[in-house]
Protein chains: 2
Amino acid sequence: MQFDVVGIGNALVDVLSHQDDAFVDGLGLTKGSMTLVDEERAGELYGLMGPAVEMSGGSAANTMVGVASFGGAAQYLSRVRDDQLGTAFRHDLRAAGVGFDVPAATAGPSTGCCLIVVTPDAERTMNTYLGASVHFGPDDVDPSVVLSGKVLYLEGYLFDAPEAQQAFRTAARYANEGGVKVAVTLSDGFCVDRHRDAFLDLIEDHVDLVFANEAEITSLFGVDDFVEAAERVRKHGSIAALTRSAAGSVIVTEDELIEVPARPVAHVEDTTGAGDLYAAGFLAGYSRGLPLHVCGELGSIAAAEVISHLGARPQVSLRELAGDLLA
Amino acid sequence: MQFDVVGIGNALVDVLSHQDDAFVDGLGLTKGSMTLVDEERAGELYGLMGPAVEMSGGSAANTMVGVASFGGAAQYLSRVRDDQLGTAFRHDLRAAGVGFDVPAATAGPSTGCCLIVVTPDAERTMNTYLGASVHFGPDDVDPSVVLSGKVLYLEGYLFDAPEAQQAFRTAARYANEGGVKVAVTLSDGFCVDRHRDAFLDLIEDHVDLVFANEAEITSLFGVDDFVEAAERVRKHGSIAALTRSAAGSVIVTEDELIEVPARPVAHVEDTTGAGDLYAAGFLAGYSRGLPLHVCGELGSIAAAEVISHLGARPQVSLRELAGDLLA
């Protein structure tokens, strides 16, 4: 197989601005969450935000960049328009060593963006205008690309786009039939709330590996606490990598429960991309067949790097940070 | 007068990427300089650059943002297209408190960009695609805007755009007639080489205050050293604020020569914008009628802030950094 991981998700350019908590409260936003906005609301929020920095983002795209930074071969499937943001998105993926060969759409909504407010506590609050991503559908899933990977990685956020759920099922079916492992990230507690049944069906039918944080996994199973949610995962038969912020992560399988500590960070600058990069480290190890505790440690390394600076993609070689773990 | 400073210059979005010296050498670029490139060459260079970050830039625009950060009232005149980069440029200026009311062009080249390679020594090497800025001309100079400022600030880089030299003369004439002080920055040694006579004519006829570094001022007068250049400025009658990197700056008038030390910086991250922000501090003081050594010190403060992080605009309040100097 040509690629370690093939990712499918939104194509977004992040627009990051530092603001205080009062700004977040004043706009009625829930700190730490992701809210979908239409073009008009995106324009309104952008007008209120301070001077910004633009960096390519998109959850699964960040993860693919992380996989590549660990030395893995990664490919991405997503939808951009033929505009300046789309050009930047493609450039930054390719410059990071990730394959992205999907032609740009020549009509329809502009390339999506994610307006991110970073508060002084380093927490990020996101407002996503899906743009071109909203039309990602089954026709955008090239079976030869899916079958070129060892692992197919699906971004839960894309569930908000109406045609994308069907695209995920299509892609997952190709993968299952071709012996490609299927991983999914639940992305956001509110996103899980919006699409609980569809997530459960997908996981039940097709998924080998689930990424989630505490809020997402408890929301998925409608249970009160993390232990109960972990039990539910265990019965289900898939592997779950459950992140707990500063408390590290827990990897749950049918017969194991592995606790992995977080890596210490001198100064947390911006938590944007923490989950994406944890998944990158995990997948870099998983696609190489490394033991699960090593996968988790690689996830911790990547997450620690990305929260130590502004932006959701690594700024140094994760391969080098991994040292002997990838020897 | 409504504004402390009215700036005229290029509208550029900076595209910043970290690369090593071999990258700069391999492309035949002169480290630390600015090279003009056409759209094709810009595309070629962008394709070779690593993952990038986009931030609004433009030399005089950066200076206006600095003036605003010192609490000054600033207005900008420039040309953008109605595209995504133009929208970002306008947003970031306004969000920083700088007025920018020029309507976007609906045809012609796209909004300009500056591809900036930052090497490990924090030096920046710039490749500018002027884009929409290339058509800035006399018709873009609104006399009422020029006359609304105490100081008119002209960006030397704009001399590379054919119609802009005429626009500068037009703007400077309005300013001279209306009692508005005229300041110009020489911007770049190669830029001075390309337009020496035009710069000398402009300064001779219209200018009260010149900003330059050592390379630029010696190039302007075709002399060998800084002392000789300073003598030439002195005979000329205008004030010159001459920057010398880590050695600080020297302010030359007909009967004074004031040395101003640079402010120490714990870690120089990226020198992009150092000259722009020195000018911002100087103009913030000059437009308030403060003594020249205070103007220079404000310049040192702003330059020190901007070289301590990636990007050419301040990330904290310069008014607060100035403390008692602006009390």
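The values are calculated or read from the model by the stated rules, or taken from the named source; none is laboratory data. All values derive from a computational prediction rather than experimental measurement. Cβ atoms come from the backbone with ideal geometry, glycine included; neighbour counts cover every protein chain shown.
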State whether the residues of region B:85-97 include one that is away from chain A (no Cβ under 14 Å) and in contact (Cβ under 8 Å) with a residue 24 or more places away in the chain.
no
So in region A:40-56, with the set limited to residues that are in a strand (DSSP E or B) and touching a helix residue (DSSP H, G or I) at 6+ places or on another chain (Cβ under 7 Å), which one is farthest from the other protein chains (Cβ to nearest Cβ)?
A:S56
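Given the residues A:A312, A:A304, which is the only one that is within 27 Å of A:T119 (Cβ to Cβ) and either more than 14 Å from chain B (Cβ to nearest Cβ) or in contact with a Leu (Cβ under 6 Å, 6 or more places away or on another chain) (or both)? Steps first, answer last, please.
Working: A:A312 fails: either more than 14 Å from chain B (Cβ to nearest Cβ) or in contact with a Leu (Cβ under 6 Å, 6 or more places away or on another chain) (or both).
One residue alone meets the criteria, A:A304.
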Is it true that some residue in region B:146-166 is within 23 Å of B:K235 (Cβ to Cβ) and of a type in the set (K, R)?
no
Subset of region B:98-113, residues away from chain A (no Cβ under 14 Å) and among the hydrophobic types (A, V, I, L, M, F, W, C), comes to B:V102, B:A105, B:A107
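Could you go through region A:248-270 and let me know if any residue there is among the basic types (K, R) and over 22 Å from A:L154 (Cα atoms). Spell out the reasoning first.
Taking region A:248-270 first, the residues among the basic types (K, R) are A:263.
Restricting the remaining residues to those that are over 22 Å from A:L154 (Cα atoms) gives A:263.
Yes, that holds for at least one residue.
Would you point out the residue of region A:250-282, among those that are of a type in the set (D, E, K, R) and in a loop (DSSP other than H, G, I, E, B), that is farthest from the chain's Cα centre (by Cα)? Reasoning before the result, please.
Applying the first criterion (of a type in the set (D, E, K, R)) to region A:250-282 yields A:254-256, A:259, A:263, A:269-270, A:276.
This time we only want the ones that are in a loop (DSSP other than H, G, I, E, B), so: A:254-256, A:263, A:269-270.
Values: A:E254: 24, A:D255: 27, A:E256: 25, A:R263: 20, A:E269: 19, A:D270: 16 Å.
The qualifying residue farthest from the chain's Cα centre (by Cα) is A:D255.
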Top-ranked residue in region B:145-187 [being on the phi < 0 side of the Ramachandran plot and part of a loop (DSSP other than H, G, I, E, B); ranked as nearest to the chain's Cα centre (by Cα)]
B:L186
Return the residue satisfying two criteria in turn: it lies in region A:6-25 and is closer than 24 Å to B:V65 by Cβ and of a type in the set (G, A, S), and of such residues it is farthest from the other protein chains (Cβ to nearest Cβ).
A:A22
Answer yes if at least one residue in region A:220-231 is aromatic (F, W, Y), modelled with pLDDT of 90 or more and either in contact with a helix residue (DSSP H, G or I) (Cβ under 9 Å, 6 or more places away or on another chain) or surrounded by 16 or more Cβ atoms within 10 Å (Cβ to Cβ) (or both), and no otherwise.
yes
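Residues in region A:273-292: is at least one at pLDDT below 95, of a type in the set (A, V, I, L, M) and touching a strand residue (DSSP E or B) at 6+ places or on another chain (Cβ under 7 Å)? Give the derivation first.
Here is the first cut: in region A:273-292, the residues at pLDDT below 95 are none.
No, region A:273-292 contains no residue that is at pLDDT below 95, of a type in the set (A, V, I, L, M) and touching a strand residue (DSSP E or B) at 6+ places or on another chain (Cβ under 7 Å).
If you go through region B:286-305, how many residues are touching a residue at least 60 places away in the same chain (Cβ under 8 Å) and within 19 Å of the chain's Cα centre (by Cα)? Show your work before the answer.
Step one: filter region B:286-305 for residues touching a residue at least 60 places away in the same chain (Cβ under 8 Å), giving B:286-288, B:298, B:302-303.
This time we only want the ones that are within 19 Å of the chain's Cα centre (by Cα), so: B:286-287, B:298, B:302-303.
Count: 5.
Among residues belonging to region A:57-74 that are outside any helix (DSSP H, G or I) and under 18 Å from A:L318 (Cα atoms), point out the one that is nearest to the other protein chains (Cβ to nearest Cβ). I'd like the intermediate steps shown before the answer.
Filtering region A:57-74 for residues outside any helix (DSSP H, G or I) gives A:57-58, A:70-74.
Those still in the list that are under 18 Å from A:L318 (Cα atoms) too: A:57, A:70-74.
Numbers: A:G57: 11, A:F70: 15, A:G71: 16, A:G72: 16, A:A73: 17, A:A74: 14 Å.
Here the residue is A:G57.
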By residue number, the members of region B:95-118 that are surrounded by fewer than 20 Cβ atoms within 10 Å (Cβ to Cβ) and in a loop (DSSP other than H, G, I, E, B) are B:G97, B:D101, B:V102, B:P103, B:A104, B:T106, B:A107, B:G108, B:P109, B:S110
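Being over 13 Å from B:A60 (Cβ atoms) and either of a type in the set (G, A, S) or at the interface with another protein chain (Cβ under 8 Å from one of its Cβ atoms) (or both) is the filter here; which residues of region B:75-84 pass it?
B:D83, B:Q84
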Return only the number of the condition from (1) crowded, with 19+ Cβ neighbours inside 10 Å; (2) without any contact (Cβ under 8 Å) to a residue 40 or more places away in the chain; (3) over 16 Å from the mean Cα position of the chain (by Cα); (4) outside any helix (DSSP H, G or I) that A:L242 does not satisfy.
(3)
Looking at A:A247, is it under 22 Å from the mean Cα position of the chain (by Cα), of a type in the set (A, V, I, L, M) and surrounded by 15 or more Cβ atoms within 10 Å (Cβ to Cβ)?
no
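Here is a yes/no grid of residues against (1) within 22 Å of B:F159 (Cα to Cα); (2) without any contact (Cβ under 8 Å) to a residue 12 or more places away in the chain; (3) out of contact with any strand residue (DSSP E or B) (no Cβ under 8 Å at 6 or more places or on another chain):
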{"position": "B:G28", "(1), (2), (3)": "no, yes, yes"}
{"position": "B:E39", "(1), (2), (3)": "yes, no, no"}
{"position": "B:Y46", "(1), (2), (3)": "no, no, no"}
{"position": "B:E54", "(1), (2), (3)": "no, no, no"}
{"position": "B:Y76", "(1), (2), (3)": "yes, no, no"}
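If I filter region A:120-134 down to residues being more than 14 Å from chain B (Cβ to nearest Cβ) and surrounded by fewer than 19 Cβ atoms within 10 Å (Cβ to Cβ), which single residue comes out as farthest from A:A171 (Cα to Cα)?
Of all residues in region A:120-134, those more than 14 Å from chain B (Cβ to nearest Cβ) come to A:121-128, A:130, A:133-134.
Then keep just the ones that are surrounded by fewer than 19 Cβ atoms within 10 Å (Cβ to Cβ); that gives A:121-123.
Numbers: A:D121: 38, A:A122: 35, A:E123: 33 Å.
So, considering only residues that are more than 14 Å from chain B (Cβ to nearest Cβ) and surrounded by fewer than 19 Cβ atoms within 10 Å (Cβ to Cβ), the one farthest from A:A171 (Cα to Cα) is A:D121.
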Those residues that are touching a residue at least 40 places away in the same chain (Cβ under 8 Å) and under 18 Å from A:G131 (Cα atoms), I need them from region A:162-189; list them, please.
A:A167
Need pairs with beta-carbon distance below 8 Å; first residue without any contact (Cβ under 8 Å) to a residue 24 or more places away in the chain and outside any strand (DSSP E or B) and within region A:192-219, second buried (at least 21 other Cβ atoms within 10 Å of the Cβ) and not polar (S, T, N, Q); sequence gap 6+ or separate chains.
A:L200/A:L220; A:T218/A:A229
